[in-house]
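Data first, discussion second: the structure below is written as structure tokens.
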Amino acid sequence: MLANGQRFCNEGLGYHDFVTALLEATPPGQPPVAWLIATRAFQRRYGLGISRPFPVPLRPWLRSGYLASGPTPEALAAACGIDPAGLRATLDGWNRHAATGDDPAFHRGTTPYMRLQGDAAHRPNPCVAPIDRPPYLAVKVIPGSFGTFAGLETDAAARVLRDGSPIPGLYAVGADMASVMGGFYPAGGINLGPALTFGHIAGLHAADRLEPAP
Ligand SMILES: Cc1cc2nc3c(=O)[nH]c(=O)nc-3n(C[C@H](O)[C@H](O)[C@H](O)COP(=O)(O)OP(=O)(O)OC[C@H]3O[C@@H](n4cnc5c(N)ncnc54)[C@H](O)[C@@H]3O)c2cc1C
């Protein structure tokens, strides 16, 4: 949620869509910052951010300020700099529907991608549960970067192209190669999968062992 205590998107989205929604929801002139709110019981079972589930100690993350904690939603809001009334209203609204697995505002848990990331043993919705038991925890979420869709244009053998023709002996794969996904994020592994595949293809081609496509 944002500093006003309101949700701005379906938190079950992939991180590309999540950050796009965060940038769109951030008021002009303010830094893009969101918080993920959970109960301590959630953290013990699943972890939160980089903090690992029980029995890995939680205290270092609280001491360092990586995680914020509070006995009430209002106290947690104060620790994060979130509007307390906004957070309380959002949690009340969330909890009204969460017990039955519903998220009428953003429909969390309604696609296979989201449900895969959830807890299959949690019914009726692997991605939805009430946030209604203290203590409450929060982790700050800010945009980061792990790659780019841009890169060198290549052909099916991973050869770098100049004006549409391959440059002899020059291959590009991984982050150097323009992504075959064309700017979309269908699922996890879109960087490493093509990097391995085209690395293998480039190696075969360089060794003159690449079979021609049927
Ligand atoms: C936090 C995080 C999570 C990610 N999760 C996923 C995921 O779940 N699935 C997925 O598919 N992808 C994921 N990625 C993306 C994926 O890790 C990268 O796309 C992939 O590692 C790129 O590999 P690469 O070999 O092309 O480039 P890099 O891994 O960046 O390797 C480039 C290497 O070149 C070296 N180098 C740079 N300049 C020079 C120089 N001048 N001389 C010599 N060496 C140099 C660098 O030190 C580095 O070792 C993630 C990335 C991050 C950061």
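The values are calculated or read from the model by the stated rules, or taken from the named source; none is laboratory data. Note that the structure is a prediction, hence the values are computed from the model and not measured. Cβ placement follows ideal geometry from the backbone for every residue including glycine, while neighbour counts extend to all protein chains displayed.
Conditions (1) within 16 Å of the ligand (Cβ to nearest atom); (2) of a type in the set (S, T, N, Q); (3) over 28 Å from Glu74 (Cα atoms), marked per residue:
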{"residue": "Arg108", "(1), (2), (3)": "no, no, no"}
{"residue": "Ala121", "(1), (2), (3)": "no, no, yes"}
{"residue": "Asn125", "(1), (2), (3)": "no, yes, no"}
{"residue": "Asp132", "(1), (2), (3)": "no, no, no"}
{"residue": "Asp163", "(1), (2), (3)": "no, no, yes"}
{"residue": "Phe184", "(1), (2), (3)": "yes, no, yes"}
{"residue": "Ala187", "(1), (2), (3)": "yes, no, yes"}
{"residue": "Gly203", "(1), (2), (3)": "yes, no, yes"}
{"residue": "Ala206", "(1), (2), (3)": "no, no, yes"}
Of all residues making up the range 165-182, the number that are more than 10 Å from the ligand (Cβ to nearest atom), among the aliphatic types (A, V, I, L, M) and over 30 Å from Thr111 (Cβ atoms): 2
Of the residues in the range 188-203, those that are within 12 Å of Val173 (Cβ to Cβ) and surrounded by fewer than 14 Cβ atoms within 10 Å (Cβ to Cβ) come to Leu192, Gly193, Leu196, Thr197, His200
Looking at Phe149 and the list (1) modelled with pLDDT of 95 or more; (2) touching a Ser or Thr at 6+ places or on another chain (Cβ under 7 Å); (3) within 16 Å of the ligand (Cβ to nearest atom), which single condition is not satisfied? (1)
Of all residues making up the range 22-53, the number that are in contact with a Gly (Cβ under 8 Å, 6 or more places away or on another chain) and in a strand (DSSP E or B): 1
Selection from the range 176-214 of residues that are hydrophobic (A, V, I, L, M, F, W, C) and touching an Asp or Glu at 6+ places or on another chain (Cβ under 9 Å): Met177, Ala178, Leu204
Report the residue count in the range 50-77 for those that are of a type in the set (A, V, I, L, M) and surrounded by fewer than 13 Cβ atoms within 10 Å (Cβ to Cβ). 2
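Which of the residues that make up the range 128-178 are closer than 30 Å to Ala98 by Cβ and either among the β-branched types (Val, Ile, Thr) or buried (at least 17 other Cβ atoms within 10 Å of the Cβ) (or both)?
Selection gives Val128, Ala129, Ile131, Tyr136, Leu137, Ala138, Val139, Val141, Ile142.
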Whichever residue in the range 78-105 is of a type in the set (A, V, I, L, M) and within 22 Å of Arg44 (Cβ to Cβ) and, among such residues, is surrounded by the fewest Cβ atoms within 10 Å (Cβ to Cβ): Ala99
Qualifying residue in the range 30-41 (condition: out of contact with any strand residue (DSSP E or B) (no Cβ under 7 Å at 6 or more places or on another chain), surrounded by 14 or more Cβ atoms within 10 Å (Cβ to Cβ), farther than 27 Å from Gly189 by Cα and not β-branched (Val, Ile, Thr)): yes
Pro166 being over 22 Å from Ala187 (Cβ atoms) and at pLDDT 95 or above: yes
Extreme residue, nearest to His205 (Cα to Cα), among residues of the range 152-189 that are more than 21 Å from the chain's Cα centre (by Cα) and among the polar types (S, T, N, Q): Thr154
For the subset of the range 110-119 comprising residues that are touching a residue at least 24 places away in the same chain (Cβ under 8 Å) and within 16 Å of the ligand (Cβ to nearest atom), which member is nearest to Glu74 (Cα to Cα)? Gln117
Reported set for the range 141-165 where residues are touching a strand residue (DSSP E or B) at 6+ places or on another chain (Cβ under 6 Å) and within 30 Å of Phe42 (Cα to Cα) is Val141
